[in-house]
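Accompanying notes for the structure given below.
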Amino acid sequence: MVLILMASGIVFADTYFTQEDIDKGLSFCKQYPVKLILGQNQITFSEQETPPVIIGGRTLIPGRALFEEMGGDVEWDAEKQNVEIKLDKQTVTLTIGSNVAWVNGEAKTLEVPSMIIDHDGDGFGSTMIPVRFTVESLGCKVEWADSSREVIITSPSETPLVDSVWGPDEPNDPNEPNDPNDPNELEDPNEPNELNGPEVPNDPNQPNKSEDKTSDNAVASFWEPFDFAPLKPLNEAARTKLIVIDLGHGGKDCGAIGHEKKADELYEKKVNLKVGLYLKEYLSEAGANFYMIRETDVYYTLLERAAFANERNAQLFVSLHNNSSEYNWPNGTEVHYYSKVNEEGLDEKQLYGIYSKNIADKVQKELLKTLGTFDRGIKNSPKLAVLNKTYMPAIIVEGAFMSNENDFEMIKTDEYAKRYAYAVAKGLITVMNETYQ
């Protein structure tokens, strides 16, 4: 917005973000730029200005170009270190480093304050403001298109250019679960998504509905005795292959919700984390070389998850989830994969020695034996982001449905997490030992 000398007192809002957080956000957004769209036009910024950046799950922008393009007035007070934005009859005042903003003279609490960021180390910084709070306070609408990484601004009188899709860095409320219809990882908002299950509900006339006798017996078979026999160790060749483990959702993104607003309400992110920590134990015992993207309740975007695997030159990527539907009858287990071919026409086997389809098949078979759930099959799903943004063979495991009563009764137990993790570990070990000699 306004470039000022770093010496004038740069505030990085230490209470909210560390310099490491800022550097990480700048680095990631340099690789995957965020675009700012007003109407049908992209707002451009000078090379000196810090471009839009996502830090700690919050998008900040240099606002002068945007608001002046909208016909507003932007004024910077160097002494007070604040910026005042006027648009029509609305006025918003933001102070660097303060979590209090003023909207038409009324104090409002910010989740993240404005800050000054020097993106290129030239001694000048840009005043960066939280886009969602500011834009909505001025009576406009803001939307996020994750596949194109676009922040789309429209006035209330305009028709939105895309469906209302909040990206993972701009949820409606960080303390509330994400919209179950939010396809934040897809190229097409009408395609299935990973947020509450990568598949839209099947037709009730299809055989995988709850009336199916196989799925009706899922809980009964789950409680049958199970032998957690020691897993075979990985062979020497397989031990050299890096596996990246992604535990779906986390932090402000709770994923699917089982029994929402009931006494036993359960967030998918917690289930995925429990499964992942058990998986960590099993893979460690087998001598696997692996990297856990998260081991606590923290949030990463889908692109960040893919980037973690790509930057580490992983050979396998495994994302753990649990499914959900707007209907209560879909149930069972499925694994998604993407048969990749690079620009030179080389497939996964030629590049990494293994096919993602084979991984999915082995893991699915072990899950069915271990959980006793209905078989929803393995599915080639090229539009799921963590599959198409990773270079290596990758799978997404959907253990069971949070929205199905029978499945949920299993999911909420610790036994389910152990069995889920054991099955994934056994499937990975089996396919890797068979493939890498």
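Every number here is computed from the coordinates shown, using simple stated rules; none is lab data. Since the structure is predicted, the reported quantities are computational estimates derived from the model, not experimental observations. For neighbour counting, all protein chains shown are included, and Cβ atoms are generated from backbone atoms with ideal geometry for every residue, glycine included.
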message: How would LEU36, LEU303 line up from fewest to most surrounding beta-carbon atoms within 10 angstrom?
response: LEU303, LEU36
Global form of region 89-155, assessed from the alpha-carbon gyration tensor, a/c cut-off 1.5: oblate
query: In the structure displayed, which of LYS141/LYS261; LYS261/LYS369; LYS232/LYS362; LYS35/LYS261; LYS274/LYS349 lie more than 26 Å apart, Cα to Cα?
result: LYS141/LYS261; LYS261/LYS369; LYS35/LYS261; LYS274/LYS349
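Find the eigenvalues of the gyration tensor of the Cα atoms of region 3-154, then list the square roots of 5 times those eigenvalues as equivalent ellipsoid semi-axes, largest first, in whole angstrom.
21, 20, 15
Of all the C-alpha pairs in region 213-435, what % are more than 29 Å from each other?
21
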Karplus 3J(HN,Hα) series, Hz, for region 359-365 with 6.51 cos²θ - 1.76 cosθ + 1.60 (x for Gly, Pro): 4, 4, 5, 5, 5, 4, 4
query: Which of HIS259, HIS336 comes first, and how do the rest follow, when ranked by fewest Cβ neighbours within 10 Å?
result: HIS259, HIS336
statement: Output ordering of 344-352, 404-412, 315-323 (per-residue mean of other Cβ within 10 Å, highest first) is 315-323, 404-412, 344-352
statement: Most exposed to least, judged by fewest other Cβ atoms within 10 Å, ASP88, ASP246, ASP146 sort to ASP88, ASP146, ASP246
